[in-house]
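The values are calculated or read from the model by the stated rules, or taken from the named source; none is laboratory data. The shown structure was predicted, so the numbers you read here are calculated from the model rather than taken from an experiment. Every residue, glycine among them, receives a Cβ derived from its backbone with ideal geometry; neighbour counts consider all protein chains shown. When the accessible area is computed, the model is the full protein with side chains, heavy atoms only, and any ligands, DNA or RNA have been set aside. Shrake-Rupley method; radii C 1.70, N 1.55, O 1.52, S 1.80 Å.
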Amino acid sequence: MADTAHSTTNSTTSGGTGQADGNLVARFFRATEIDTRLLGMIGALLIIWVGFHIMTGGLFLTPRNLWFLSVQTASVAVMATGMVLVIVTRNIDLSVGSILGFTGMIMGVLQAQFLPQVLGFNHPATWAIALAGGLIVGGLIGAFQGAIIAFLNVPSFIVTLGGLLVWRGATWYVTSGQTVAPMDANFRLMGGGADGSIGATWSWIVGILACLAIVAAIINGRRQRKRFHFPRRPIWAEYVLAALGCIIVLGVVSIANDYYWPINIARRYAEANSIPWPESGLFISHGIAVPVLIAIAAGIVMTFIATRLRFGRYVFAIGGNPEAAELAGIKTRWVTVKIFALMGILCAIAAAISTARLNAATNAQGELDELYTIAAAVIGGTSLSGGVGTIAGAMLGALLMQSLQSGMVLLGIDTPFQRIVVGAVLVLAVWLDTVYRAKAK
Amino acid sequence: MTEQTTPLVEMKNISISFGGIHAVENASVDLFPGEVVALLGHNGAGKSTLIKILSGAYRRDEGEILINGEPADIRNPRDAKKYGIETIYQTLAVADNVDAAANLYLGRELRTKWGTLDDVAMEASTREVMGRLNPNFRRFKEPVKALSGGQRQSVAIARAILFDARILIMDEPTAALGPQETAQVGDLIKQLKREGIGIFLISHDIHDVFDLADRVFVMKNGKVVGHARTGDVTKDEVLGMIILGKVPPGASPGPGAMKMA
Ligand SMILES: Nc1ncnc2c1ncn2[C@@H]1O[C@H](COP(=O)(O)OP(=O)(O)OP(=O)(O)O)[C@@H](O)[C@H]1O
Ligand SMILES: [Mg+2]
């Protein structure tokens, strides 16, 4: 009797430290410390992709479609990274679509109407000044809303619901409802397209740098844990992780490089640079699109903020237990203001991407984006009850939703039905998540 | 040991009410370095509220707080921590969704020279402190919500002793602990006392109180019934103070003492 009890304790302790029993799959995940929830999302994404590929008769998993998918995802993905922090602190931001519209209009007017008068047309600094203007306005709007939430104790749902109406209305007043176009040529690079992509060589360089960063991060993590004699992952798991990371990165790069410029653009380019037109056609790779790079950079920066900085730690602590955070001496109100300011800045970045892509700033820009952004964050595992969420998950959520939409467009499904599907998938995803969480603990 | 030195903490005539309820009324308590003062009283007597005023969680309506004889301006938990006041709250006040190390250092994170969180260093000292407090504790990587009630309590205690407190407030620190861990907290209190730290201990366990405390303050309905050295009164007399508000000869009466007819 005493013996059995003893051996049970033994096996549980050794299981807890990470070796021994369990089947091969469980052991693999434990050793590599891969987030199984994120993996589940990737699995769902792959199923959706393959499903659409089959249903469309091979139109979905083409370099061209995947490239467009990445560009279309960028703007919502950028905002979703901020929405994670908002929702983690048990808040919500319904105003992001309207802030996108407003800051987009500000940037549009700056570069199309105001700056040309001051600097002249096609001034090389136009895009930067316009962008900076948008970022500042976005940050201020966010901080203003955050201050009302934090210091006047008005629920974020109400403040940002008001913001949804106010900033949409304000967008109209900037130009009395007129669409502003065209955008500055440099500014337009942020929207993608043939010019707004970095080409094959740079894409490979970016990919290789990313691989080096992955390897460096793994080595550094291992060294740190060694310094304090903490349990480490088995060495094979480190190799597997490094290899997996690099394969994914380089795979993405090679897909982006497999999408070539459309023939008319390539021909124009050839003529402009007096390159003789080859018989077989001129194949110039798009490479990674600039908006996608912007979104990835936003994701990396936001992940860094959320996991490596004090501010991020406070965000999660507040989400887990606001009272405990306050008692620990955290200035929770200021943290809230900063979160919303950050959200506003991200809205402006998203606005830059979408105005650049459309080559115009319109009144309706970003309409309904708040819902897609919130849905992306929630599908990505951000819990509305607070305290839980990852940036990477939210970005994957954005990609998943965009995949659904793009796939349905390819299938020729009309917009009303698309909405029905997206709505149903949102509910389904959150239900699955609830089931997963109930099982995990 | 008649109190010749200045008290470490003096709370004088403290009152606070919540929407008409006088949670604490005209309460005065004091604490000397190296002393353990127990606060006793029925549920809802106002013990937690009183010490939360000291820890900066609540702001008093009236009264004065002196630290080392000087008026202290405590408006929030940050102010209290500046005076070396650390608190283990009855509700534990831990963030459930982050791990033990993040909770221990919450609000005072260690950072690397680049300004990023130094998680490994924090985990290392967390392992050390928890090793002293609760050697069976292993679950450093898990969010605190995955821990047992007692383990969470250990985390809350560890957090309070991590940063050289001068004044320690413990609001029912052993309520969820097993006998071994309770004994360990008892030893810890004695050790901290030897180091000259002043401790306010709130407990419903009268035996523990007589084991550990030098003096007891008894509260009833927001008022201090009286206080006494543990050597001068019996457990039954203290129970009489708690239940009836009857002050025995060995104790000094306060504003809440039962009026003798
Ligand atoms: N934040 C609050 N808002 C309103 N009333 C409160 C608040 N905090 C405490 N009270 C009231 O103040 C009184 C004293 O509560 P307190 O928590 O100080 O009691 P306690 O002595 O610590 O009791 P226990 O032994 O149960 O912990 C109670 O009547 C309680 O209802
Ligand atoms: Mg209490």
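A residue that is farther than 23 Å from A:Val315 by Cα, modelled with pLDDT under 95 and within 16 Å of ligand 2 (Cβ to nearest atom) occurs somewhere in region B:87-110. Candidates are the residues of region B:75-97 that are at the interface with chain A (Cβ under 8 Å from one of its Cβ atoms), within 22 Å of B:Thr174 (Cα to Cα) and open to solvent by 30 Å² or more (accessible area, probe 1.4 Å); the one that is nearest to the chain's Cα centre (by Cα) is B:Thr91.
Only one of the listed residues (B:Gly150, B:Gly115, B:Gly107) is within 30 Å of B:Ile206 (Cβ to Cβ), among the small types (Gly, Ala, Ser) and open to solvent by less than 30 Å² (accessible area, probe 1.4 Å). That residue is B:Gly150. It is to be established whether one or more residues within region A:409-422 are under 21 Å from A:Leu94 (Cβ atoms) and either outside any helix (DSSP H, G or I) or β-branched (Val, Ile, Thr) (or both). Scanning region A:409-422, I find at least one residue that is under 21 Å from A:Leu94 (Cβ atoms) and either outside any helix (DSSP H, G or I) or β-branched (Val, Ile, Thr) (or both), so the answer is yes.
Of the strands (runs of 3 or more DSSP E) lying entirely inside region B:14-71, none contains at least 2 residues that are in contact with a strand residue (DSSP E or B) (Cβ under 8 Å, 6 or more places away or on another chain), within 14 Å of chain A (Cβ to nearest Cβ) and within 12 Å of ligand 1 (Cβ to nearest atom). Check B:Gly198, B:Gly231, B:Gly186 and return the single one that is more than 16 Å from ligand 1 (Cβ to nearest atom), in contact with a strand residue (DSSP E or B) (Cβ under 6 Å, 6 or more places away or on another chain) and farther than 17 Å from B:Gly41 by Cβ. Being more than 16 Å from ligand 1 (Cβ to nearest atom), in contact with a strand residue (DSSP E or B) (Cβ under 6 Å, 6 or more places away or on another chain) and farther than 17 Å from B:Gly41 by Cβ holds for just one of B:Gly198, B:Gly231, B:Gly186, which is B:Gly198.
The number of residues in region B:196-245 that are of a type outside the set (D, E, K, R) and either within 15 Å of B:Ile169 (Cα to Cα) or not in a helix (DSSP H, G or I) (or both) comes to 26. Restricting attention to region B:86-116 and to residues that are within 16 Å of ligand 1 (Cβ to nearest atom) and in contact with a strand residue (DSSP E or B) (Cβ under 6 Å, 6 or more places away or on another chain), the residue that is nearest to B:Leu54 (Cα to Cα) turns out to be B:Thr87.
Taking region A:306-402 as the region of interest, none of the helices (runs of 4 or more DSSP H) fully inside it holds 3 or more residues being within 10 Å of another protein chain (Cβ to nearest Cβ) and under 19 Å from the mean Cα position of the chain (by Cα). Considering only residues in region B:202-212 that are within 16 Å of ligand 1 (Cβ to nearest atom) and more than 14 Å from B:Gln153 (Cβ to Cβ), the one that is surrounded by the most Cβ atoms within 10 Å (Cβ to Cβ) turns out to be B:Val209.
Would you point out which residue out of A:Pro291, A:Pro231 is within 30 Å of A:Val388 (Cβ to Cβ) and within 14 Å of chain B (Cβ to nearest Cβ)? Of the residues listed, the single one that is within 30 Å of A:Val388 (Cβ to Cβ) and within 14 Å of chain B (Cβ to nearest Cβ) is A:Pro231.
For region B:234-257, the tally of residues that are β-branched (Val, Ile, Thr), touching a helix residue (DSSP H, G or I) at 6+ places or on another chain (Cβ under 9 Å) and within 16 Å of ligand 1 (Cβ to nearest atom) stands at 2.
Note on region B:27-82: among residues that are more than 16 Å from ligand 2 (Cβ to nearest atom) and polar (S, T, N, Q), the one that is nearest to B:Ile14 (Cα to Cα) is B:Ser28. Against the numbered list (1) away from chain B (no Cβ under 14 Å); (2) in a helix (DSSP H, G or I), A:Phe283 comes up short only at (2).
Cβ separations smaller than 7 Å between residues 6+ apart or across chains give no pair from region B:121-150 residues that are more than 13 Å from chain A (Cβ to nearest Cβ) to residues that are surrounded by fewer than 13 Cβ atoms within 10 Å (Cβ to Cβ) and not in a helix (DSSP H, G or I).
Considering the conditions (1) more than 16 Å from ligand 2 (Cβ to nearest atom); (2) of a type in the set (S, T, N, Q); (3) modelled with pLDDT of 95 or more, B:Thr6 is excluded by exactly one of them, (3). Figure legend. Inter-residue proximity from region A:255-283: first residues touching a residue at least 40 places away in the same chain (Cβ under 8 Å) and on the phi < 0 side of the Ramachandran plot, second residues exposed (fewer than 15 other Cβ atoms within 10 Å of the Cβ) and not in a loop (DSSP other than H, G, I, E, B), beta-carbon distance below 6 Å, spacing 6+ or different chains. Indicated pairs: A:Tyr259/A:Arg64.
Among the numbered conditions (1) over 24 Å from A:Gly57 (Cβ atoms); (2) of a type in the set (Val, Ile, Thr); (3) crowded, with 17+ Cβ neighbours inside 10 Å, the only one that A:Val427 does not meet is (3). Screening the candidates A:Thr355, A:Thr382 for the property of being open to solvent by less than 20 Å² (accessible area, probe 1.4 Å) and at pLDDT below 95 yields one hit, A:Thr382. Just one of the listed residues (B:Ala100, B:Ala38, B:Ala57, B:Ala45) is buried (at least 22 other Cβ atoms within 10 Å of the Cβ), small (Gly, Ala, Ser) and farther than 28 Å from B:Lys235 by Cβ, namely B:Ala100.
A:Thr303 meets the stated requirement of being in contact (Cβ under 8 Å) with a residue 24 or more places away in the chain, of a type in the set (S, T, N, Q), open to solvent by 40 Å² or more (accessible area, probe 1.4 Å) and touching a helix residue (DSSP H, G or I) at 6+ places or on another chain (Cβ under 9 Å). Screening region B:168-181 for residues that are away from ligand 1 (no atom under 16 Å from the Cβ) and in contact with a helix residue (DSSP H, G or I) (Cβ under 8 Å, 6 or more places away or on another chain) and picking the one that is least open to solvent (accessible area, probe 1.4 Å) gives B:Leu168.
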